[in-house]
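Here's the structure, in structure tokens; my notes come after.
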Number of protein chains: 2
Amino acid sequence: MGSSVDNSYMYKKVISIGTVCELTGLSERQIRYYEERELIFPKRSEKGNRKYSFSDVETLMDIANKMEDGLQTSELRREIKNKEVDKSSVNERMIRGQLNAHFRRRD
Amino acid sequence: MGSSVDNSYMYKKVISIGTVCELTGLSERQIRYYEERELIFPKRSEKGNRKYSFSDVETLMDIANKMEDGLQTSELRREIKNKEVDKSSVNERMIRGQLNAHFRRRD
DNA sequence: CGTGTAAGGAATTCTGACACG
DNA sequence: CGTGTAAGGAATTCTGACACG
């Protein structure tokens with residue numbers, strides 16, 4: 001396994017919201033709102049505190065840019081869905097590739 | 001530039017002590033004590049909260065193992081100093097290597 | 001020496017809501 | 001729609017200290 005995306009630390013949800021504010025320049029209100037609109041998906045700690053990954057921070061900076069460009073959260077939501085579609089077609093290709101590699105000798 | 005160590009997110013100090021506890025299994029007391037003994041060096045946020053990097057977390061797990069083996073913090077402190085010496089000799093070599101590369105054509 | 005703990009205070013985060021537009 | 005804010009509470013983190021060993 002191991003595609004171009006791995007990096008381990010990039011996806012670990014360990015950053016609390018205050019630090020994310022410093023990193024992104026966004027307010028807590030904004031960050032929570034983007035979650036409500038399903039643009040980001042922080043983990044929750046035992047007692048309910050939001051934890052973000054570096055990847056989430058990057059996503060938030062993208063969101064901040066798009067919002068500045070006048071886009072609405074609903075439009076950003078669509079973009080995300082499309083990326084998910086992209087991903088699954090990539091996955092399909094990967095699986096097809098593996099199958100090909102696996103059965104090649106039998107042809 | 002750019003040695004084998006880069007990884008960007010690995011060294012960013014963004015994790016608060018509670019999360020570090022979860023990640024390492026150590027108590028806050030232990031983590032603060034290892035700082036007092038100069039084995040780790042968290043950053044401080046505006047209002048004085050400690051922030052750790054993933055690299056710090058790894059260091060702490062090493063420390064935890066060594067402590068279990070019965071080592072003292074003073075001994076671990078020495079190990080760290082030695083690593084710093086290693087690093088500067090590596091740096092020396094890198095610089096020497098670059099100088100060599102730079103002046104090779106003149107020889 | 002290394003770590004637990006109670007103490008008191010300050011800062012963090014959470015939720016639900018009202019406000020403006 | 002997106003975001004600010006005051007409200008009240010719960011959880012987090014901080015420091016300095018006493019304790020045991």
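The values are calculated or read from the model by the stated rules, or taken from the named source; none is laboratory data. Computed from a predicted model, the values in this text were never measured in an experiment. Positions of Cβ are generated from backbone atoms using ideal geometry, with glycine treated the same way; all protein chains shown enter the neighbour counts.
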### Residue under evaluation B:Glu38, criteria (1) in a loop (DSSP other than H, G, I, E, B); (2) touching a residue at least 12 places away in the same chain (Cβ under 8 Å); (3) within 14 Å of another protein chain (Cβ to nearest Cβ), criterion not met
(3)
### Task
Search region A:42-60 for residues that are on the phi < 0 side of the Ramachandran plot and facing another protein chain (nearest Cβ under 9 Å) and pair each with any residue that is part of a loop (DSSP other than H, G, I, E, B) and within 13 Å of DNA strand D (Cβ to nearest atom) when their beta-carbon atoms are under 6 Å apart and the residues are at least 6 apart or on different chains.
A:Lys51/A:Val14; A:Lys51/A:Ser45
### Query
Looking at (1) more than 16 Å from DNA strand D (Cβ to nearest atom); (2) modelled with pLDDT of 95 or more, which is the only condition B:Thr73 fails?
(1)
### Message
Being out of contact with any strand residue (DSSP E or B) (no Cβ under 6 Å at 6 or more places or on another chain) and within 22 Å of A:Asn49 (Cα to Cα) narrows it down to one residue among B:Leu60, B:Leu23, B:Leu71; which is it?
### Response
B:Leu23
#### Entry: Breaking point among (1) more than 10 Å from every other protein chain (Cβ to nearest Cβ); (2) over 17 Å from A:Lys12 (Cα atoms); (3) loosely packed, with under 13 Cβ neighbours inside 10 Å, for B:Gly25
(2)
### Query
Taking B:Leu76, is it within 25 Å of A:Lys51 (Cβ to Cβ), buried (at least 16 other Cβ atoms within 10 Å of the Cβ) and within 16 Å of DNA strand C (Cβ to nearest atom)?
no
### Message
Residues that are assigned to a loop (DSSP other than H, G, I, E, B) and modelled with pLDDT under 95: does region A:51-61 have at least one?
### Response
no
### Message
Among the numbered criteria (1) closer than 19 Å to A:Arg32 by Cα; (2) in a helix (DSSP H, G or I), which one does A:Asn82 miss?
### Response
(1)
### Message
Given the condition among the small types (Gly, Ala, Ser), away from every other protein chain (no Cβ under 14 Å) and in a helix (DSSP H, G or I), answer yes or no: does some residue in region B:9-22 qualify?
### Response
no
